[in-house]
Each structure stands twice: as C-alpha cells, then as structure tokens.
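Structure first, then comments.
The values are calculated or read from the model by the stated rules, or taken from the named source; none is laboratory data. Since the model is a prediction, treat every value here as computed from it, not as a measurement. Neighbour counts are summed over all protein chains in view; Cβ atoms, including those assigned to glycine, are modelled from backbone coordinates with ideal geometry.
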Amino acid sequence: MSKSQNTIVVDETTLDAAEEYSRKRSLISKAETVQIKKATVQSDFCSYAYELKEGIGSGDEISRKGSSIIHPDMHKALGMLDVHLAVIDDAFHHKGIEISDIDEHHADEITAAYKVNGFSITGTGENEAVVLSGSKAISIGGHIDIKTPRIEFNGNYHWVNELRVSIDNMIDEVKAYMSGYIAPVAVQAEMDFGDDDENNIQD
C-alpha cells in the first residue's frame, strides 16, 4: 500500500510580487524623514519637491528633477486621479450622470478625456489641501491645460476620502522613486560561443 503524499505548490508569481512589494516598502521607509510637497510627471520622468522634516535644514524645501524613467506603478497611481479631475471639472454633471461610487468610473469615456500629470500639497493640519494639474481633451482636437482649485481634505468635496487615498498612494510612489524604485532596465544577455579555435575545422 503506497503512502499518500501532500504536495505543496508554490506560486512563483505571487512570491515574486510579495518580494517586490517588500522591497518597495523598504525603499519608501527610507524617505520617512521627508514630506512630499509636489510632483509632476512628464515624458515618463518625475520632478518633485519635498520638505525636510528633521535634522539639519529641517523645514527646507528641496526640488529635484528625476533622471530615471518612472516605474509603471507610478503611472497607475497617477491614473487613479484622472476621475477626480473629471468630477471636479463637472464633466459628469454636465452629462447628467449621477455618481454613486467614483471607483466605478475610472474606465469611463468621460474620464478618458482627462489626464492628471501632477499634484501639489498646500497648508498643514486641518488646512491641508491638494491641487491637481493636468489636461483635458477638447472637441476640436488637442488638449488644454487644467488645474483644480485647492481641494481641502477637510472640505466639502464629496469624494475627498477616495482622493486622499489616491494622493497618499502617489506620495508613496514618489518616495519609492526618489529611493531608486524605477522602471525595470532591460539587460541584454551575453552569449558565450566558446573559443573560435575550437570551431575551426582542421585540414
């Protein structure tokens, strides 16, 4: 009579994702002594400003222009803000569309006309607010720049909690970026064909 064996199947994809998440969180933690104040993404590069929270120069604001291509995660996080730009611009209201859950409208045609490319944080404490900047497509073709007024996190914007979550995610992405979390770099594999002499045919 043969013994039954328990087989443990390891999902390497899940394992890799868990390891990647752990690495990312570690990089974010390296930037805990700074407060991200603004960020802009253009042509896959991120420019950002942060305030030092402790140590020498505490309170100073420093601006940096990233020279590395951003990770796809930052593109995704930035894209989550598009629907807020559309809502704040009254795009859904003008179409007579009532929103019951903003998270159900990320893929809407209306949302697709809006692209957020940056944000800035102003104020502190109860007066903290965010300004979104980006563009929207227009009927004659092309895009026009658009910027929201200050949206206070303690204000009356209906979807402020969802906006707060999306901004916090973007702040984490910027912190990860400044700590080295960038787009994967393709590495060209080198192939060793051995010694040329070994391939020569001797007479």
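Of everything in the range 81-98 that is part of a loop (DSSP other than H, G, I, E, B) and in contact (Cβ under 8 Å) with a residue 40 or more places away in the chain, the residue that is surrounded by the most Cβ atoms within 10 Å (Cβ to Cβ) is L81. Residues that are over 22 Å from E20 (Cβ atoms) and surrounded by 15 or more Cβ atoms within 10 Å (Cβ to Cβ) within the range 32-41 comprise V34, Q35, K37, K38, T40, listed in sequence order. If we keep just the residues of the range 42-68 that are surrounded by fewer than 16 Cβ atoms within 10 Å (Cβ to Cβ) and among the aliphatic types (A, V, I, L, M), which is modelled with the lowest pLDDT? Ranking the qualifying residues of the range 42-68, first place goes to I56.
Just one of the numbered conditions (1) of a type outside the set (D, E, K, R); (2) under 23 Å from F153 (Cβ atoms); (3) in a loop (DSSP other than H, G, I, E, B); (4) touching a residue at least 12 places away in the same chain (Cβ under 8 Å) is not true of G59: (4). Entry remark, the range 163-203: residues being of a type in the set (D, E), at pLDDT 95 or above and surrounded by fewer than 18 Cβ atoms within 10 Å (Cβ to Cβ) number 1 in total. Filtering I171, I110, I167 for residues that are within 24 Å of Y50 (Cβ to Cβ), touching a Phe, Trp or Tyr at 6+ places or on another chain (Cβ under 8 Å), in a helix (DSSP H, G or I) and hydrophobic (A, V, I, L, M, F, W, C) leaves a single hit, I167. The condition (being touching a residue at least 24 places away in the same chain (Cβ under 8 Å), in a strand (DSSP E or B) and farther than 16 Å from F119 by Cα) is satisfied by just one residue among I36, I69, I28: I69.
Listed conditions (1) under 15 Å from E162 (Cβ atoms); (2) out of contact with any helix residue (DSSP H, G or I) (no Cβ under 7 Å at 6 or more places or on another chain); (3) aliphatic (A, V, I, L, M) are all met by V87, apart from (2).
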